[in-house]
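Reviewing the structure listed below.
The values are calculated or read from the model by the stated rules, or taken from the named source; none is laboratory data. Note that the coordinates shown come from a computational prediction; the quantities given were computed from them, not determined experimentally. Glycine gets a Cβ as well: all are built from the backbone with ideal geometry, and neighbour counts include every protein chain shown.
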Amino acid sequence: MQSAETLIKLVRQRVDALPQRGAIVEADARQWIDHVVGEFGDLALWHATRAGGFGGSQIGALVKNFAGERADHSSAHDIVAGALLRRVPDESNGQMRRGMAMEPQHRRWFHEKHSSDRDQPGFDLLSKSVGPRAWMRYSPDDLAYMGEGNKQRILIDYKSPTNVERASMVAFEYTCQLHMGRLVCEHNGLKIDGLMLSQFDWQNWAIKDDEVPILAELDELIVRAGDQYWDCVLRGEVPSYVGKPRLKDEQEMREKLGTAPLMLARLKAMSSVIGSHVERLEEVVKPEIAKRRLGRNKVVLDGISFSASPKFTEAEVLGKLPTEVFEALPLFGNATKAYDDKAMLKKLKELGVDVKQFAKPGSVDADALYEALVAHGIDADALMGEQVSGRLDKDLVADVRNWFEREFAELLPPKEKNNAEQAQADAATDGREGQEMSSYALRPVAA
């Protein structure tokens, strides 16, 4: 760790060597250097170097703004302002820190999964290279030999998002990032046979790998977008934010959406009517069932079954029973302990404390507890209730669905013949951030 004074001098040298230095206001440079050194320490040197171009994580936003679309996570305005040192780098968030920490393990798992070999010489060359434009900066995650005989060189990007979409589509900005990496590789003599995004799926503790098609027209868009916005940097001009286009009139939406709004309106109206009838019938059925204690039992009635979950304040109920009775009760489900060990360890150092107050929530079998209360002459129903819930018979659900689709076919959208086409249409229209492929990224390169 270098002293702040030394680090400021070194960062200043890198800032003064930037190709856009003539467009950077001196006051902005001083403020930026002080902040970045104070906030990031030695990493300030990396940030100063990074300001000399556009990185892979930025190019997708530039391409989208160049095409008149808002980007998912950044903007040409902020990126250009950052290159002109008018905007300090964002602090690393939890997702970014998690990705950096996980990357070495992610890489090991990836190579084990695919029996692939890292192209270390190619990776080292790529780490120090720029692309066909001086502003092209790319920090690779991995470069590997894969496929039959490990003869294909694949460029890989590792991500550790909070949630991994199970659909096979890859976010457009990730696609741009890998495409610019490919341009940098091939400019430096490294032929790339394929692109791949590998995401660590925390929920399922597995890696999800998606091949990214090479899109011929995307290469040109990346260069054109980068050139335009780098010219802005060299001129010291920050572009305006790209906003959503204003709605011209309702006819515009009618032409775009066709009959979908009418079908939606009718189905929502039907759902409202059906929902009111469901509530009315539940008010008849559930209170009657609630007059009986179900315990572990299930009531099956004409296509719907009802069960109940315990509903009570555990500390209040346990307070009614002697400690030895509580300790003799069987545990609930997978519970292995009746007490919170840490809380007991602390309190047991004190004499005369009733250990029932440290009972682990949900650890006691509710039926056994109910019977114990009754056996000790306590009004169990005043202390313990049940939450009744119903589950539809799956065969009945299938019958109703078939009837509904037959009787109300005119209200429903037509079924797609191609599942892949349907998934792409859904992702393009459901508003999920980061899942759409823009209309200007059209076809994969022919094999």
For this session: May I ask you to say which residue of Phe54, Phe66, Phe40 is touching a strand residue (DSSP E or B) at 6+ places or on another chain (Cβ under 7 Å) and either modelled with pLDDT of 95 or more or buried (at least 17 other Cβ atoms within 10 Å of the Cβ) (or both)?
Result: Phe54
Exercise. For the range 20-34, which residues satisfy the criterion of being exposed (fewer than 15 other Cβ atoms within 10 Å of the Cβ) and in a loop (DSSP other than H, G, I, E, B)?
Worked result: Val25
For this session: Scan the range 57-74 residue by residue and report those that are of a type in the set (Gly, Ala, Ser), out of contact with any Cys (no Cβ under 8 Å at 6 or more places or on another chain) and under 15 Å from Gln177 (Cα atoms).
Result: Ser57, Ala61, Ala71, Ser74
Problem set entry | Condition met for Glu39 (over 24 Å from Gly181 (Cβ atoms) and either in contact (Cβ under 8 Å) with a residue 40 or more places away in the chain or in contact with a Phe, Trp or Tyr (Cβ under 9 Å, 6 or more places away or on another chain) (or both)) | yes
Seminar exercise, completed: Going through the range 69-79 in order, the residues found to be of a type outside the set (Asp, Glu), in a helix (DSSP H, G or I) and surrounded by fewer than 24 Cβ atoms within 10 Å (Cβ to Cβ) are His77
For this session: Scan the range 108-136 for residues that are outside any helix (DSSP H, G or I) and either closer than 19 Å to Leu197 by Cα or of a type in the set (Gly, Ala, Ser) (or both) and jot them down.
Result: Ser115, Ser116, Asp117, Arg118, Asp119, Ser129, Gly131, Ala134
Exercise. Which of the residues that make up the range 191-206 are in contact with a helix residue (DSSP H, G or I) (Cβ under 6 Å, 6 or more places away or on another chain) and over 13 Å from Asp142 (Cα atoms)?
Worked result: Phe200
Exercise. Counting residues that are among the aliphatic types (A, V, I, L, M), closer than 26 Å to Pro132 by Cβ and in contact with a Leu (Cβ under 9 Å, 6 or more places away or on another chain), which strands (runs of 3 or more DSSP E) fully inside the range 144-217 reach at least 2?
Worked result: 152-159, 194-201
Exercise. Are there any pairs with C-beta distances below 8 angstrom linking a residue in the range 221-236 that is under 18 Å from Asp78 (Cβ atoms) and β-branched (Val, Ile, Thr) to a residue that is modelled with pLDDT of 95 or more and assigned to a helix (DSSP H, G or I), with the two at least 6 apart or on different chains, and if so which?
Worked result: Val233/Ala23; Val233/Val80; Val233/Ala83
Exercise. Restricting attention to the range 49-58, does a residue exist that is of a type in the set (Phe, Trp, Tyr) and either over 27 Å from the mean Cα position of the chain (by Cα) or part of a helix (DSSP H, G or I) (or both)?
Worked result: no
Exercise. Asp219: under 30 Å from Phe110 (Cβ atoms), out of contact with any strand residue (DSSP E or B) (no Cβ under 6 Å at 6 or more places or on another chain) and surrounded by 14 or more Cβ atoms within 10 Å (Cβ to Cβ), yes or no?
Worked result: yes
Exercise. Among (1) touching a strand residue (DSSP E or B) at 6+ places or on another chain (Cβ under 9 Å); (2) over 17 Å from Met146 (Cβ atoms); (3) modelled with pLDDT of 95 or more; (4) not aliphatic (A, V, I, L, M), which single condition is Cys176 missing?
Worked result: (1)
For this session: Could you run through the range 10-19 and say how many residues are surrounded by 13 or more Cβ atoms within 10 Å (Cβ to Cβ) and either over 36 Å from the mean Cα position of the chain (by Cα) or outside any loop (DSSP other than H, G, I, E, B) (or both)?
Result: 6
Exercise. Taking the range 282-298 only, how many residues are exposed (fewer than 11 other Cβ atoms within 10 Å of the Cβ) and out of contact with any Ser or Thr (no Cβ under 9 Å at 6 or more places or on another chain)?
Worked result: 5
Seminar exercise, completed: Given the conditions (1) within 22 Å of Asp157 (Cβ to Cβ); (2) in contact with a helix residue (DSSP H, G or I) (Cβ under 8 Å, 6 or more places away or on another chain); (3) of a type outside the set (Val, Ile, Thr); (4) modelled with pLDDT of 95 or more, every one holds for Ala71 apart from (4)
Exercise. Could you say whether any residue in the range 188-204 is farther than 29 Å from Ala76 by Cβ, within 25 Å of the chain's Cα centre (by Cα) and loosely packed, with under 14 Cβ neighbours inside 10 Å?
Worked result: yes
Seminar exercise, completed: the range 230-339: helices (runs of 4 or more DSSP H) wholly inside it with 2 or more residues that are within 37 Å of the chain's Cα centre (by Cα) are 250-257, 260-289
